[in-house]
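J.: One structure, as structure tokens, below. Some questions next.
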2 protein chains.
Amino acid sequence: MKTADPELMRAINRYHVIDAIRRDGPIARVEIVERTELSPATVSAITGALIEEGLVDVLRVAAGENGARGRPRVLLGLNGAAFHVVGVKLSAQRISITITDARGEALASLVLPVQLARQSTEVIADLIEDGVRGCVQDARLSMSQISGIGIGLPGVIDGVSGISHWSPVLGPRAEPFGQAVERRLGIRTLIENDANLVALAEHWFGYGRGLDSFAVVTVENTIGMGLIVDGRLYRGAHGVGPELGHVKMEAGGAPCRCGQTGCLEAYASDWGVLQMAEQLGLADGAMGDPGRRMAQLVRQAQQGDAALAQLFERAGGMLGLAIANIANLLNPPRIILTGEGLRAGDLLRRPLLAAVEANVLPTLREAMQITFHPWGDEMWARGAAVIVLRRIYEAPWNEALKNRPEEDVWMRSRSG
Amino acid sequence: MKTADPELMRAINRYHVIDAIRRDGPIARVEIVERTELSPATVSAITGALIEEGLVDVLRVAAGENGARGRPRVLLGLNGAAFHVVGVKLSAQRISITITDARGEALASLVLPVQLARQSTEVIADLIEDGVRGCVQDARLSMSQISGIGIGLPGVIDGVSGISHWSPVLGPRAEPFGQAVERRLGIRTLIENDANLVALAEHWFGYGRGLDSFAVVTVENTIGMGLIVDGRLYRGAHGVGPELGHVKMEAGGAPCRCGQTGCLEAYASDWGVLQMAEQLGLADGAMGDPGRRMAQLVRQAQQGDAALAQLFERAGGMLGLAIANIANLLNPPRIILTGEGLRAGDLLRRPLLAAVEANVLPTLREAMQITFHPWGDEMWARGAAVIVLRRIYEAPWNEALKNRPEEDVWMRSRSG
């Protein structure tokens, strides 16, 4: 719990005004007053400062234009050109990079096919450096115009300190990975669990827009979860987010690559389904992109392979049970499902929804929505950019920044 | 997310000062400045107002006294006599009532043995009315000196609207139970899930003191959970807290009284263990206080009944698995276990800790503590009083109060 001080209060109010403009802009001052419940004087002072800083643009709408009646209205919108950020998503088989403007609109993107597991942390940081420099060039920007970099990756990631405690792409040792990239590019870099960045992106662009609390479940080669509570990412001890993939679905269940047993990931992730298919002789153990191999398995199941269909049935049932337990335990008003794992379509979806129906307490069921939202890697990278955008707009509210004020240099490159 | 306004800021600062005095009082102003990180001027203004309102007492300590050196120090403490509240705990077999002062110290207590399940909501509200009147008399107070009533009960309780959606003691229909008691006594009444009140009480008096985030798991005839995040009770949609008892431990598992299967409560609550013991012919199905029957089963198991010991082994293993999953999902720095179910001692504790060890992700394990804290019913009732104390000290910060400002009448009886 933070003690309130005037500076903090101004930062919170400023963020709420920016957030209203971002969500609903172009927007008139009077509407900002309505949305934020701030006084007209406070809103005028804040928007005046934001216009002066160049973060907000003034759009004049003439009478009659855009359906506006009577006298001309002055509408405000975020100034996309105010600054630029980079979003990077690391997954098992590729590095995705996106440059966005201050509104989160993508200006340039790049996908590098790399099997990350066989590269050292140093090589991965090198590849990110080269990729970011190339992508910034593609966007016709210079590096001095980039205000921050956000990197999303699977694993147990401390988004506050920038340390990867364990990651399938960086390995089992604690790595100060944010610093490794920051050193190379000289630009402030944040790292975050990839499910958390999806949650932030849903909050900015997707089905979480307008919600104060919701959960996101990501089904890919790993299974992750991001939880937004009162508009902020939930973090446990040491800044780590929910590890849904390693929640145990049954005592002494299927063996997981984490060394424990019964993990959701062992049943319902791409990795888990492939493992089981191999053990049952339904898929060969050949190397290759798990995504492509999974797409092949889905086709076979859809064409009538009953044994494979059964595997997806079980994966969906386990996912549904896990989602029901999130609902029983945390009862968020909405749970959003996303990730490549959704490619299985109804094979997964039908048993998933049946398991939710059977296992959520009836009194909680009506208060909950389940939304499917398939995303591509570019969207994940855009989500990584949101990590930085949000931190810039929130500063100095954000307690992580408060912990290292000497590094609060977000804005330095805005004039660059 | 609340927009900050000056009034809200003052309320937050006021609460932080009160909270520092409550936690660490008697305390000097300079120490309050340190704890809260507020300016000395702000702390002086707030403490001055609190002294004037009669909420805070000035204790002068002469030089040399209590280890103090040099010039006399002025210490501040909460004024217990400032106002009084009532805490009520409903459980299957009894109604426990406690009157506390403004510091949460118990002045009088009363336990009514009543089998609540066979009484109507109206009769239960009548019994609470009579019990509260009697208990207030025992404390040598008049009803006009009571500022509020907090009632804790098991079930799906909306602590914001005061509605019991489902409760083993009030039944399956939605009941505006808070209002039923409020009407009888003419005193503002809050109801809350009983695990939530235990979480608040741990935060005030117990092992949660000084922690911003932690979880409490209660093992009784039902199984509950309370979650404190950033110093506040976590609530999902519709104000309902975590329903740990109905988290599913295996697909298609043991049948539960909620109508679903595989619920933690079916394996590890007093109700679940008794059910299983009856089914295996290890306990007769006679009526009677489940607490007493459970104590008997524990004795038999401790004296060498292997089949019964096995039941506790399974209950402990399932509890440990559920606690491991809370750690994997939410990773709170501490999980506190409490409730009558702990009477089984090492029969439960040993398999519980083994299951936690085997199922919490190794990277999360070191960041987590498990604490056992056996409590009596009087402590639960004292926790119910904390619901009210906290709301009084927080007002007008609390958003629930903001939602019904016309009822913000906490302080009316302070001068009574």
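J.: Amide H to amide H under 5 Å from B:Trp166: which residues, 5+ apart in sequence or cross-chain, H placed 1.01 Å off N in plane?
T.: It is B:Val156, by chain and number.
J.: Restricting to lysine pairs 8 or more places apart or on different chains, what number in the protein assembly as shown have Cα atoms under 19 Å apart? List each step's numbers first, then the result.
T.: Values: A:Lys2/A:Lys402; A:Lys2/B:Lys2; A:Lys248/B:Lys248; B:Lys2/B:Lys402.
Count of close lysine pairs: 4.
J.: Nearest 10 degrees is fine. How inclined is helix A:377-394 to the longest principal axis of chain A, computing both from alpha carbons?
T.: Once rounded, one gets 40 degrees.
J.: Anyone know which of A:Leu329, A:Leu200, A:Leu190 comes out most mobile in the 10 Å Cα GNM of chain A?
T.: A:Leu329
J.: Further question: Going 7 Å from Cα along the Cα-Cβ axis for the label, what nanometre distances separate B:Ala295 from the same residue across the other copies?
T.: Taking the point 7 Å beyond Cα along Cα→Cβ, the inter-copy spacings are 6.7 nm.
J.: Can you compute 3J(HN,Hα) from phi for each residue in segment B:135-152, using the Karplus curve 6.51 cos²θ - 1.76 cosθ + 1.60 with θ = phi - 60°, rounded to whole Hz and x for Gly and Pro?
T.: So the Karplus estimates, Gly and Pro as x, are 5, 5, 5, 4, 7, 6, 10, 9, 4, 5, 8, 9, 8, x, 10, x, 10, x Hz.
J.: Rolling a 1.4 Å sphere over the protein heavy atoms, what is the accessible area per residue of the protein assembly as shown, to the nearest Å²?
T.: Details: 31820 Å² over 832 residues.
I get 38 Å² per residue for the protein assembly as shown.
J.: Where does chain B land at 222 nm, in deg cm²/dmol rounded to the nearest 500, when only DSSP H runs of n ≥ 4 count, each adding -39500 (n - 2.57), divided by all residues? Each step should come with its number before you reach the end.
T.: Details: 14 runs with 174 residues, N = 416.
Here the helix-only value at 222 nm equals -13000 deg cm²/dmol.
J.: Hey, got the dipole for segment B:94-150? About the Cα centre, +1 on K and R Cβ, -1 on D and E Cβ, debye to the nearest 20? Intermediate values should be presented prior to the final figure.
T.: On the way: 5 positive and 7 negative charges, 25 e Å.
That gives segment B:94-150 a dipole magnitude of about 120 debye.
J.: What does the charge add up to near B:Ala266, with Lys and Arg as +1, Asp and Glu as -1, over the other residues with Cβ less than 15 Å from its Cβ? Show your work: numbers first, answer last.
T.: Details: positive: B:Lys248, B:Arg257, B:Arg314; negative: A:Glu250, B:Glu220, B:Glu243, B:Glu250, B:Glu265, B:Asp270, B:Glu278.
Spelling it out: positives minus negatives among the neighbours equals -4.
J.: Moving to a separate point now. Only protein chains counted, 1.4 angstrom probe. Which residues of segment A:347-366 are at least 30 Å² less accessible in the assembly than when their chain is isolated?
T.: The answer is A:Asn359, A:Leu361, A:Thr363, A:Leu364.
J.: How many nanometers, to one decimal and shortest first, lie between the label point of A:Leu59 and those of its other copies, if labels sit 7 Å from Cα toward Cβ?
T.: Those label-point separations list as 6.2 nm.
J.: So, one more: Name the most mobile residue of A:Ser91, A:Ser213, A:Ser44, meaning the one with the largest mean-square fluctuation, in a Gaussian network model of chain A with Cα contacts below 10 Å.
T.: Between A:Ser91, A:Ser213, A:Ser44, it is A:Ser44 that shows the largest mean-square fluctuation.
J.: Out of residues 5 or more away from B:Leu59 or on other chains, whose amide H comes under 5 Å of its own, with H placed 1.01 Å from N in the peptide plane?
T.: B:Leu75, B:Leu76, B:Gly77
J.: For chain A, build the charge dipole from Cβ charges (+1 Lys, Arg; -1 Asp, Glu) around the Cα centre, then report which of A:Ser147, A:Ala11, A:Thr189 sits farthest towards its positive end.
T.: Working it through, the farthest residue towards the positive pole turns out to be A:Ala11.
J.: Oh, and also: Taking a point 7 Å out from Cα toward Cβ as the label site, list the nm distances between B:Ala41 and the same residue in every other copy, smallest first.
T.: Relative to the other copies, B:Ala41 has label-point distances of 1.9 nm.
J.: Over chain A, what is the percentage of antiparallel beta bridges among all DSSP beta bridges, to the nearest 5? Spell out each step's value before the answer.
T.: On the way: 38 of 57 bridges.
Approximately 65 percent, going by the DSSP bridge assignments.
J.: Assign unit charges at the C-beta atoms only (+1 for Lys and Arg, -1 for Asp and Glu), then state the dipole size of segment A:210-372 relative to its Cα centre in Debye, rounded to the nearest 20. Write down the numbers at each step before the final one.
T.: Numbers: 13 positive and 16 negative charges, 25 e Å.
For this selection, approximately 120 debye.
J.: Given a 1.4 Å probe and no ligands, DNA or RNA in the count, how much accessible surface is buried by A and B, both sides, to the nearest 100 Å²?
T.: Values: alone 18230 and 18230 Å², together 31820 Å².
Chains A and B together bury approximately 4600 Å².
J.: From a point 7 Å beyond the Cα of A:Phe205 in the direction of its Cβ, which residues of segment A:363-394 have a backbone N at a distance under 12 Å?
T.: From segment A:363-394, the list is A:375-387.
J.: Here's something else I'd like to know. Binning at 20 angstrom from zero up to the longest distance, how are the C-alpha pair distances of the protein assembly as shown distributed in percent?
T.: All Cα pairs, binned at 20 Å, distribute as 15, 44, 34, 8, 0 percent.
J.: I've got another one for you. Taking H as built 1.01 Å from N, whose amide H comes closer than 5 Å to the amide H of A:Leu107, not counting residues under 5 places away?
T.: For A:Leu107, the qualifying residues are A:Ile99, A:Thr100, A:Asp101.
J.: For A:Val58 and A:Ala117 in the same chain, what is the full-extension length gain: residue separation times 0.36 nm, less their Cα-Cα distance, in nm? Please report the intermediate quantities before stating the final value.
T.: Working: separation 59, 0.36 × 59 = 21.24 nm, distance 4.80 nm.
Taking 0.36 nm per residue and subtracting the Cα distance, the gain is 16.4 nm.
J.: Of the heavy-atom accessible surface of segment B:209-372 (probe 1.4 angstrom), what whole percent is carbon and sulfur?
T.: Summing carbon and sulfur atoms, their accessible area is 49 percent of the total for segment B:209-372.
J.: Do you know which residues of segment B:142-174 lose at least 10 square angstrom of accessible area in the protein assembly compared with their chain on its own, with a 1.4 angstrom probe?
T.: Relative to the lone chain, where solvent access is computed with a 1.4 Å probe, segment B:142-174 loses at least 10 Å² at B:Val156, B:His165, B:Trp166.
J.: Let me ask you something else. Which angle between 0 and 90 degrees, to the nearest 10, do you get for helix A:40-53 versus the longest principal axis of chain A when only C-alpha atoms count?
T.: 80 degrees
J.: Also, I was wondering about something else. Can you list the residues in segment B:198-244 whose accessible area drops by at least 50 Å² when all protein chains are present, compared with the chain alone? Use a 1.4 Å probe, heavy atoms only.
T.: Residues of segment B:198-244 that lose at least 50 Å² of accessible area once the other chains are added: B:Tyr234, B:Ala237.
J.: Net charge near B:His165: determine it from the other residues with C-beta under 15 Å of the C-beta of B:His165, scoring Lys and Arg +1 and Asp and Glu -1. Don't jump to the answer; show the numbers that get you there.
T.: Numbers: positive: A:Arg365, B:Arg173, B:Arg235; negative: A:Glu366, B:Asp158, B:Glu175, B:Glu192, B:Asp194, B:Glu243.
Local charge sum for B:His165: -3.
J.: Roughly how tilted is helix A:290-302, in degrees to the nearest 10 and between 0 and 90, from the longest Cα axis of chain A?
T.: Its long axis makes an angle of about 60 degrees.
J.: Summing Lys, Arg as +1 and Asp, Glu as -1, what charge do residues with Cβ under 13 Å from the Cβ of B:Ala20 carry, B:Ala20 excluded?
T.: Working: positive: B:Arg14, B:Arg22, B:Arg23, B:Arg29, B:Arg35, B:Arg209; negative: B:Asp19, B:Asp24, B:Glu31, B:Glu34, B:Glu37.
So the environment of B:Ala20 carries a net charge of +1.
J.: Taking the Cα centre of segment A:201-262 as origin and charging only Cβ (+1 Lys, Arg; -1 Asp, Glu), how large is the dipole, in debye to the nearest 20? Intermediate values should be presented prior to the final figure.
T.: Values: 5 positive and 6 negative charges, 23 e Å.
Once rounded to the nearest 20, the dipole reads 120 debye.
J.: So if each residue of separation counts as 0.36 nm, and I subtract the Cα-Cα distance between A:Glu7 and A:Gln137, what length gain in nm does that give?
T.: Numbers: separation 130, 0.36 × 130 = 46.80 nm, distance 3.77 nm.
Separation in residues times 0.36 nm, less the Cα-Cα distance, equals 43.0 nm.
The values are calculated or read from the model by the stated rules, or taken from the named source; none is laboratory data. Keep in mind that what you see is a predicted model, and the values were worked out from it rather than measured. In this analysis, Cβ positions are derived from the backbone assuming ideal geometry, glycine residues included, and neighbour counts consider all displayed protein chains. Side chains are part of the model used for accessible areas, which takes the heavy atoms of the whole protein and leaves out ligands, DNA and RNA. Shrake-Rupley method; radii C 1.70, N 1.55, O 1.52, S 1.80 Å.
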